[in-house]
Amino acid sequence: VAGLRRADAEALDAADPLAAFRERFVDADEDARYLDGNSLGRLPVATRARLREAVEAWGEQLVGGWEAWIDAPTRIGNELAEGVLGAGPGEVLVGDSTTVNLYKLCAAVLDAEGPRRLVTDRGNFPTDRYVLEGLAAARGLELRLVERPEDLGSALDAPALAVLSHVAYRSGALADLPGLSALARERGARVVWDLSHSAGAVPVDLRAAGAELAVGCTYKYLNGGPGAPAFLYVARELQAALRSPIWGWFAQADQFRMERDYEPVDGIGRFGAGTPPILALAAVQEGVRITAQAGMAAIRAKSVALTELIVALHDAWLAPLGFALGSPREPERRGSHVAVRHPEAWSICRALIERAKVVPDFRGPDSIRLGVAPLYTRFTDVWDALDRLRALVERGEHRLVAPGASRVT
Ligand SMILES: *Cc1c(COP(=O)(O)O)cnc(C)c1O
């Protein structure tokens, strides 16, 4: 770990091999310290022009544009597969939301393989638990909650379908994707991995890990824009046996022959449903490209260095103020954000945003998440944010924020 003076953070920025990527993102307020790229990534400069082009193409080409647009979900899926996810061509499809994709893959497994116990961990993201609760209610299945992803084995004494997050959204804990995938395979269980907090932040090698099914967001570390279409991954060997529960015309063989009975195409396209959002997909492609250009190894190396700096500053400055670390201390066990916990975390987080121009986010009951996005987060951003945080709490400024929750935290 580096020293803790600002000059040390400046030296790390000066030596940062990814430093040039920062200029490729819009920074509308240079005084703000944005540590919430794990919730919504920044706008790549290239995406502005790209969206303008996409809108022009709509205006000029109208329905004729579909010739070029129609394969966008698989084309961009292939770029994501190769540059970010360690998947093969024809294994990743971009479209719909993470929630919908998760439902599609879980229902596809249950339809193909019969009733199974549903399993997830108590700390998993709410939408993941809700999708499983809904499937359990609709199909009369048991939903078993284990304490942590590592406890998966305890729920595999019956045929199971598990949903696990690669990086836990609250603590940032990184699950053992290859290890748990192997365990599930040995025990005859299926796992759908949620990569929302790892895609673009942590190297994911789906094929090497033996992962069969996955979903994830593109608007977090992949910088695809608010509500950008998500992705799904189905290992090639599994595709023919599975069908989406939504029988839509974009998954139909010979789509434009219109009057035939439903028969899904071979390959990943069978997990599509309706007309893809072409404008939004253009933005996803720019986000994926910039990530692939930087390379996941370089991104991970910087991410670890940035989160190590947060942990060191937490220990030196925040722990004496009553904070506790809410993330694993070992860098190999965490993703690209660090949670710091404090009984007054909610008002501290509000005060940071309103009074100090630091943007983290709050996750109940007592965590402030500090997310680092290596393509644009500088070491000095981390240093300044933590410096403003300690000063604010030392002065008791968080006691000055108006109570009452905003709709979005
Ligand atoms: C952000 C996130 C989601 C979001 O799902 P949407 O359908 O895009 O709203 C789902 N799962 C995890 C683990 C997330 O972090």
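Every number here is computed from the coordinates shown, using simple stated rules; none is lab data. Since this is a predicted model, take the numbers as computed values, not measurements. We place every Cβ from the backbone using ideal geometry, glycine too, and count neighbours over all the protein chains shown.
So, LEU222, is that one within 14 Å of the chain's Cα centre (by Cα), within 16 Å of the ligand (Cβ to nearest atom) and at negative phi or not?
Numbers: within 14 Å of the chain's Cα centre (by Cα): yes; within 16 Å of the ligand (Cβ to nearest atom): yes; at negative phi: yes.
Taking the combined requirement at face value, the residue satisfies it.
From the list ALA201, ALA168, ALA228, pick out the single residue that is within 16 Å of the ligand (Cβ to nearest atom), of a type in the set (A, V, I, L, M), surrounded by fewer than 24 Cβ atoms within 10 Å (Cβ to Cβ) and more than 25 Å from GLY114 (Cα to Cα).
Working: ALA201 fails: surrounded by fewer than 24 Cβ atoms within 10 Å (Cβ to Cβ); ALA168 fails: surrounded by fewer than 24 Cβ atoms within 10 Å (Cβ to Cβ).
Just a single option satisfies the conditions, and that option is ALA228.
This table checks each residue for (1) within 15 Å of the ligand (Cβ to nearest atom); (2) without any contact (Cβ under 8 Å) to a residue 24 or more places away in the chain; (3) exposed (fewer than 14 other Cβ atoms within 10 Å of the Cβ).
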{"site": "LYS104", "(1), (2), (3)": "yes, no, no"}
{"site": "ALA107", "(1), (2), (3)": "no, no, no"}
{"site": "PRO115", "(1), (2), (3)": "no, no, yes"}
{"site": "ASP121", "(1), (2), (3)": "yes, no, no"}
{"site": "PHE125", "(1), (2), (3)": "yes, no, no"}
{"site": "VAL131", "(1), (2), (3)": "yes, no, no"}
{"site": "ARG139", "(1), (2), (3)": "no, no, yes"}
{"site": "LEU143", "(1), (2), (3)": "no, no, no"}
{"site": "SER154", "(1), (2), (3)": "no, yes, yes"}
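Checked against (1) on the phi > 0 side of the Ramachandran plot; (2) buried (at least 17 other Cβ atoms within 10 Å of the Cβ); (3) more than 16 Å from the ligand (Cβ to nearest atom), ASP96 passes all but condition (3).
The single residue among ALA68, ALA46 that is more than 30 Å from VAL202 (Cα to Cα), surrounded by fewer than 18 Cβ atoms within 10 Å (Cβ to Cβ) and not hydroxyl-bearing (Ser, Thr, Tyr) turns out to be ALA68. Can you spot a residue in region 214-222 that is touching an Asp or Glu at 6+ places or on another chain (Cβ under 9 Å), touching a residue at least 12 places away in the same chain (Cβ under 8 Å) and among the aromatic types (Phe, Trp, Tyr)? Taking every residue of region 214-222 in turn, none turns out to be touching an Asp or Glu at 6+ places or on another chain (Cβ under 9 Å), touching a residue at least 12 places away in the same chain (Cβ under 8 Å) and among the aromatic types (Phe, Trp, Tyr).
Among the residues of this structure, ARG270 counts as one that is over 22 Å from ALA168 (Cβ atoms) and over 22 Å from the mean Cα position of the chain (by Cα). Every test in (1) surrounded by 14 or more Cβ atoms within 10 Å (Cβ to Cβ); (2) at positive phi; (3) out of contact with any helix residue (DSSP H, G or I) (no Cβ under 9 Å at 6 or more places or on another chain) is passed by GLY295 save one, and that test is (3).
When you scan region 1-95 for helices (runs of 4 or more DSSP H) that lie fully inside it, which ones turn up with 2 or more residues that are in contact (Cβ under 8 Å) with a residue 12 or more places away in the chain and within 18 Å of GLY227 (Cα to Cα)?
Values: elements: 6-14, 45-61, 66-69, 72-80.
Output list reads 45-61, 72-80.
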